[in-house]
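Below is one structure, written out as structure tokens; the observations come after it.
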């Protein structure tokens with residue numbers, strides 16, 4: 001039997017998530033503190049820490065829903081994002097969808113999924129499996145171990161932030177560069193005889 005969340009606990013959770021989302025969007029993620037989140041949410045620090053032990057845990061909770069939606073699309077959407085297109089076309093579509101996700105929620109990814117933390121998230125595991133399956137479908141199984149993380153590296157939140165915010169590259173330029181990477185890798189796929 002699944003325990004049901006108390007009404008007051010649900011209200012506090014939503015207040016915490018709403019306040020944190022606003023703070024992460026407005027401030028540099030490194031400036032967001034647990035004390036600031038508790039104050040903005042109007043809850044005690046004990047209430048905050050019982051539910052979320054770190055600010056990264058809050059950012060992960062906020063980002064999780066957006067990442068789940070994209071995961072669902074990768075499995076069920078129409079081609080090229082979903083099944084039915086060539087591996088190269090699906091990789092290009094995945095890059096475009098990830099750029100859109102980072103464009104809208106990069107502030108959360110910067111707070112939750114940077115450095116080594118990125119590799120331990122469930123979402124990263126899903127992205128690895130997806131890209132690995134595209135490499136397999138293209139006949140690039142032998143190169144899979146070396147290529148999966150290489151193809152995901154340009155999607156690191158720090159890289160996206162550098163390109164979009166520091167260098168001022170627009171969405172279309174970033175996607176065009178990623179599509180060149182996808183095209184170059186998938187062009188190495190064995191050709192049918």
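Considering each residue of region 127-155, count those that are buried (at least 19 other Cβ atoms within 10 Å of the Cβ) and assigned to a loop (DSSP other than H, G, I, E, B), and give that number.
Summing the residues that are buried (at least 19 other Cβ atoms within 10 Å of the Cβ) and assigned to a loop (DSSP other than H, G, I, E, B) in region 127-155 gives 2.
Considering only region 166-193, state which residues are free of Cβ contacts under 8 Å to residues at least 24 places away in the same chain and either part of a helix (DSSP H, G or I) or touching a strand residue (DSSP E or B) at 6+ places or on another chain (Cβ under 9 Å) (or both).
166, 172, 173, 176, 177, 180, 184
Output the residues belonging to region 37-84 that are farther than 23 Å from residue 121 by Cα and surrounded by 16 or more Cβ atoms within 10 Å (Cβ to Cβ).
Result: 38, 40, 41, 43, 47, 80.
Only the coordinates and a few stated rules stand behind these numbers; no lab work does. Source: prediction; values computed, not measured. Cβ coordinates were reconstructed from backbone atoms using ideal geometry, including for glycine residues, and neighbour counts include every protein chain displayed.
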